[in-house]
Amino acid sequence: MPNDIFNFSVAVFLRGHGILAELLRKAEAHAAERKIAPTVLLTARLIPDMFPLTGQVQGACDTAKRATARLVGVEPPRYEDNEASFEEIYARIRKTTEFVELHPADAFLAAAERTIEMKVGSETVSLTASQYLTRFALPNFYFHITTAYDILRHNGVVLGKRDYLGNMSA
């Protein structure tokens, strides 16, 4: 029997982290080539009430680690949200990737029977693992990666759809 929860979470998170890291490498190169201080990009926002680029990366990482933890029934690690350089952002992605990779496919087998409860505003929402993954975790993960991409494009980083989609055969 296929392990859909594992296949549609871990693989997606790991691929997304790789793509996000590549987008950031292109942004870092863009800043260096144009003599733009890295903090200009790292603190850039689409609008004032949204998280800056660093917050979008943190959001993508936090979604991946919390979703993985909830799906396998463990506590997620806590990370300080204090990244202020490209190197620190890459380290955040690496340590989140390492946490996700710690959990093999068989750790997700019981997820199908697990109910995931999470706070949404003042309410607690109860979802099956499949509902949690498709209604919250994956959309939220993609939201933060897409918003990071949009911030970089808005600030002149030369990126295209192929950069966002990554290597389709990998």
Which count do you get for residues in region 71-108 that are surrounded by 14 or more Cβ atoms within 10 Å (Cβ to Cβ), more than 18 Å from Glu22 (Cα to Cα) and in contact with a Phe, Trp or Tyr (Cβ under 9 Å, 6 or more places away or on another chain)?
7
Checking the conditions here, which among Thr68, Thr63 is under 30 Å from Thr39 (Cβ atoms), surrounded by 16 or more Cβ atoms within 10 Å (Cβ to Cβ) and in contact with a helix residue (DSSP H, G or I) (Cβ under 6 Å, 6 or more places away or on another chain)?
Thr63
Note on Gly121: of the conditions (1) modelled with pLDDT of 95 or more; (2) of a type in the set (Gly, Ala, Ser); (3) surrounded by fewer than 13 Cβ atoms within 10 Å (Cβ to Cβ), unmet is (1)
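Condition check ((1) over 21 Å from Phe8 (Cβ atoms); (2) of a type in the set (Ser, Thr, Tyr)) across all residues:
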{"site": "Gln56", "(1), (2)": "yes, no"}
{"site": "Asp62", "(1), (2)": "no, no"}
{"site": "Glu113", "(1), (2)": "no, no"}
{"site": "Ser122", "(1), (2)": "yes, yes"}
{"site": "Leu127", "(1), (2)": "no, no"}
{"site": "Ala148", "(1), (2)": "yes, no"}
{"site": "Leu152", "(1), (2)": "yes, no"}
Look through region 1-42, keep the residues that are farther than 18 Å from Ala91 by Cβ and β-branched (Val, Ile, Thr), and return whichever of them is modelled with the lowest pLDDT.
Ile5
Residues (part of a loop (DSSP other than H, G, I, E, B) and free of Cβ contacts under 8 Å to residues at least 60 places away in the same chain) located in region 52-82
Gly73, Val74, Glu75, Pro76, Pro77, Arg78, Tyr79, Glu80, Asp81, Asn82
Filter result (touching a residue at least 60 places away in the same chain (Cβ under 8 Å), within 30 Å of Leu71 (Cα to Cα), open to solvent by 10 Å² or more (accessible area, probe 1.4 Å) and part of a loop (DSSP other than H, G, I, E, B)) within region 1-50:
Asn3, Phe8, Met50
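The values are calculated or read from the model by the stated rules, or taken from the named source; none is laboratory data. Since we're looking at a predicted model, the values are computed, not measured. For neighbour counting, all protein chains shown are included, and Cβ atoms are generated from backbone atoms with ideal geometry for every residue, glycine included. Ligands, DNA and RNA are stripped out before the accessible areas are found, and what is left, the full protein with its side chains, is counted by its heavy atoms. Shrake-Rupley method; radii C 1.70, N 1.55, O 1.52, S 1.80 Å.
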